[in-house]
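Asks: Got a structure for you, written out below as structure tokens; questions coming shortly.
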Amino acid sequence: MRLHTSPASPFGRKVAVVLHETGLWPKVERRDASLTPLAPDAAVCAANPLGKIPCLELDDGSALYDSRVICEYLDGLHDGPKLFPPSGPARFAALGLQALADGILDTAVGLRYETFLRPESLRWREWIAAQKAKIDRALDRLELECEGFAERVDIGTLAIACALGYLDFRFAADRWREGRPRLAVWEERIARRPSLLATRPS
Ligand code: BEZ
């Protein structure tokens, strides 16, 4: 299998974390792509018409995307503890948390492009403020709920750790920990997992 990804991509990081947690890295060749929405990567576009990473090419020539599909596929390839609970409330708790994390990341990556790629004179301040408010609401919800995560390690909690890591990486000045002491403590603990230490964005 071949994984198109990037060391800065938070969705690529989520897949890398799953590869670490499941011991599947030896089965995957990693290809780092350098791309933006304005400068797509030809090899990524050949595998994924959306031109987005992460994208996992399988040995039969087919390709999987997005990160949610790739992570669940990988979780089916190993015999260890499952990151996607198979059914019931635990499954929907994990999937719901992953959706919240991915929503934070979709918003944060959009903001990154808006503030980094778009010329300053063309930036839309109200849109930027609305996106930041969306992230703040999601973080406030996590502050209320994170004590219930306890020692849970599943696709939901790992995705949240990746989302918070991306905020530290690209939006450190926004200081998400301020006013969210419980989430800060929870993040500090989960960030010590080898899978998260080995995949810090760069
Ligand atoms: C970033 O540099 O922040 C980034 C890179 C790839 C995908 C998404 C974000």
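Asks: Wholly within the range 137-202, which helices (runs of 4 or more DSSP H) include no fewer than the required count, namely at least 3 residues that are on the phi < 0 side of the Ramachandran plot, surrounded by 12 or more Cβ atoms within 10 Å (Cβ to Cβ) and modelled with pLDDT of 95 or more? Outline the logic, then answer.
Replies: Values: elements: 155-170, 181-190, 194-197.
In the range 137-202, the matching helices (runs of 4 or more DSSP H) lie at 155-170, 181-190.
Asks: Which residue, of A33, A46, A42, A90, is open to solvent by less than 50 Å² (accessible area, probe 1.4 Å) and aliphatic (A, V, I, L, M)?
Replies: Values: A46 fails: open to solvent by less than 50 Å² (accessible area, probe 1.4 Å); A42 fails: open to solvent by less than 50 Å² (accessible area, probe 1.4 Å); A90 fails: open to solvent by less than 50 Å² (accessible area, probe 1.4 Å).
That would be A33, the only listed residue that is open to solvent by less than 50 Å² (accessible area, probe 1.4 Å) and aliphatic (A, V, I, L, M).
Asks: While we're looking at this one, here's another question. Looking only at the range 8-32, count how many residues are more than 10 Å from the ligand (Cβ to nearest atom), within 18 Å of V69 (Cβ to Cβ) and assigned to a helix (DSSP H, G or I).
Replies: 9
Asks: Criterion first (under 14 Å from the mean Cα position of the chain (by Cα), surrounded by 13 or more Cβ atoms within 10 Å (Cβ to Cβ) and assigned to a loop (DSSP other than H, G, I, E, B)) does K82 satisfy it?
Replies: no
Asks: Being part of a helix (DSSP H, G or I) and at pLDDT below 95 narrows it down to one residue among E114, E72; which is it?
Replies: E114
Asks: When the residues of the range 173-192 are filtered to those that are under 20 Å from G12 (Cβ atoms) and aliphatic (A, V, I, L, M), which remaining residue is nearest to the ligand (Cβ to nearest atom)?
Replies: A191
Asks: Sticking with this structure for a sec: Need pairs with beta-carbon distance below 6 Å; first residue touching a residue at least 12 places away in the same chain (Cβ under 8 Å) and within the range 107-133, second part of a helix (DSSP H, G or I) and open to solvent by 70 Å² or more (accessible area, probe 1.4 Å); sequence gap 6+ or separate chains.
Replies: The qualifying pairs are T107/K134; R112/R170.
Asks: Looking for something within 16 Å of the ligand (Cβ to nearest atom), in contact with an Asp or Glu (Cβ under 8 Å, 6 or more places away or on another chain) and of a type outside the set (F, W, Y) - is there at least one such residue anywhere in the range 146-161?
Replies: yes
Asks: Looking for something in a helix (DSSP H, G or I) and either out of contact with any Pro (no Cβ under 6 Å at 6 or more places or on another chain) or within 12 Å of the ligand (Cβ to nearest atom) (or both) - is there at least one such residue anywhere in the range 33-40?
Replies: No.
Asks: Another question about this same structure. Kindly indicate which of D136, D102, D79, D75 is within 16 Å of the ligand (Cβ to nearest atom) and of a type in the set (D, E). Before the answer, list the steps.
Replies: Working: D136 fails: within 16 Å of the ligand (Cβ to nearest atom); D79 fails: within 16 Å of the ligand (Cβ to nearest atom); D75 fails: within 16 Å of the ligand (Cβ to nearest atom).
After ruling out the rest, the residue left standing is D102.
The values are calculated or read from the model by the stated rules, or taken from the named source; none is laboratory data. Bear in mind the structure is a predicted one, so any value in this text is a computation, not a measurement. Virtual Cβ from ideal backbone geometry, glycine too; neighbours counted across all protein chains shown. Areas reflect the complete protein model, heavy atoms only, side chains present, ligands, DNA and RNA absent. Shrake-Rupley method; radii C 1.70, N 1.55, O 1.52, S 1.80 Å.
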